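Note sheet for the following structure.
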Amino acid sequence: MANNKLAIIGGSGLYDVEEFIDREMLSIDTAWGKPSDQILKTKYNNNEVYFLPRHGRGHFISPSKINFRANIDALKQLGVTDIVSISAVGSLKEDHSPGKFVIVDQFIDRTFARYKTFFEDEIVAHVSMAHPTSNGLMNACEEAIKLENINYQRGGTYVVMEGPQFSTLAESNLYRSWKADVIGMTNMPEAKLAREAEIRYASVSMVTDYDCWHPSHENVDVQQVIKVLLDNASKAKNMIKNLIKNFENHIDPNDPTNNCLDVAIITAPEKRSQKTIEKLKYIAGRVLNK
């Protein structure tokens, strides 16, 4: 268990955890460019932990412009084995009121302007996304949330839209007809890339508003969202501290993420160029260098 390393990817409103006193800021280069910002390396409760603000500190990166591949590659370089994504979302159900947390276990990817795979040149791989989140990591998130008495739901579907605009009313009602739970702009292709990198992934969505389908939220307003965001961020920081203490207790040695590339790469060995193998050395080196 000593080799398990946790990273937190913070979304809107969560750009730092100030309580982390032991701080080292890391600048990482990847074959895909620079990640969203410097990665905070810290030690908490004798555990080495990493924190990356998805939109950059100060929120200057639009959802469509996030370099998801660089973010995941950089965390893989640091030896990260587990990622918990914390994201601000809109609610698609009446009982998911602002302030509620949803531990997501499914996604509907509606994005269209993003790079979604590390395996784009010469080496082709098809990973399973049937169950995109780690059950053990979700257990750890649930335990961490319960300790803070946060209103939450275990399990739910997250519709990932392109953004940066909010939904039209017709779109919002369409997603509700699909029985989806929440809507946001950032967990795809993040979850797909984490799977390709064989990093266990879980997503905690923090509800900020009801999206425009709800009569009280006909016009989703950034200012009202920020008000809820600040309250949610405070809860999330406490949840993170609990998570750091407990996540290793929930590691599943049989998690399908652990070795999913063993059955995913379809390209014949003689067709794999050394240049591409080098580019993928952190993401897929375990299988490509056998």
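Annotations
- Residue match in the stretch 183-190 (condition: in contact with a strand residue (DSSP E or B) (Cβ under 9 Å, 6 or more places away or on another chain), surrounded by 22 or more Cβ atoms within 10 Å (Cβ to Cβ) and assigned to a helix (DSSP H, G or I)): yes
- For the stretch 247-274, a residue qualifies if it is without any contact (Cβ under 8 Å) to a residue 60 or more places away in the chain and either in a helix (DSSP H, G or I) or over 23 Å from Val84 (Cα atoms) (or both), and the qualifying residues are Asp262, Val263, Ala268, Pro269, Glu270, Gln274.
- Scope the stretch 259-279; condition within 23 Å of Phe68 (Cα to Cα) and either in contact with a helix residue (DSSP H, G or I) (Cβ under 6 Å, 6 or more places away or on another chain) or among the β-branched types (Val, Ile, Thr) (or both); matching residues: Leu261, Ile265, Thr276, Ile277
- Enumeration of residues in the stretch 96-126 that are of a type in the set (Asp, Glu) and either assigned to a strand (DSSP E or B) or in contact with a Leu (Cβ under 8 Å, 6 or more places away or on another chain) (or both): Asp109
- If you go through the stretch 264-290 and keep only what is of a type in the set (S, T, N, Q) and over 29 Å from the mean Cα position of the chain (by Cα), you end up with Ser273, Gln274.
- Those strands (runs of 3 or more DSSP E) lying entirely in the stretch 1-93 with at least 3 residues closer than 21 Å to Lys227 by Cα: 82-91
- Ala74 vs. criteria at pLDDT below 95 and either crowded, with 19+ Cβ neighbours inside 10 Å or closer than 26 Å to Ala140 by Cα (or both): no
- Subset of the stretch 20-47 [loosely packed, with under 14 Cβ neighbours inside 10 Å and either in contact with a helix residue (DSSP H, G or I) (Cβ under 7 Å, 6 or more places away or on another chain) or β-branched (Val, Ile, Thr) (or both)]: Ile21, Gly33, Asn45
- Lys227 vs. criteria in contact with a Phe, Trp or Tyr (Cβ under 8 Å, 6 or more places away or on another chain) and part of a helix (DSSP H, G or I): no
The values are calculated or read from the model by the stated rules, or taken from the named source; none is laboratory data. Computed from a predicted model, the values in this text were never measured in an experiment. Heads up, the Cβs are rebuilt from the backbone with ideal geometry, glycines too, and the neighbour counts pull from every protein chain shown.
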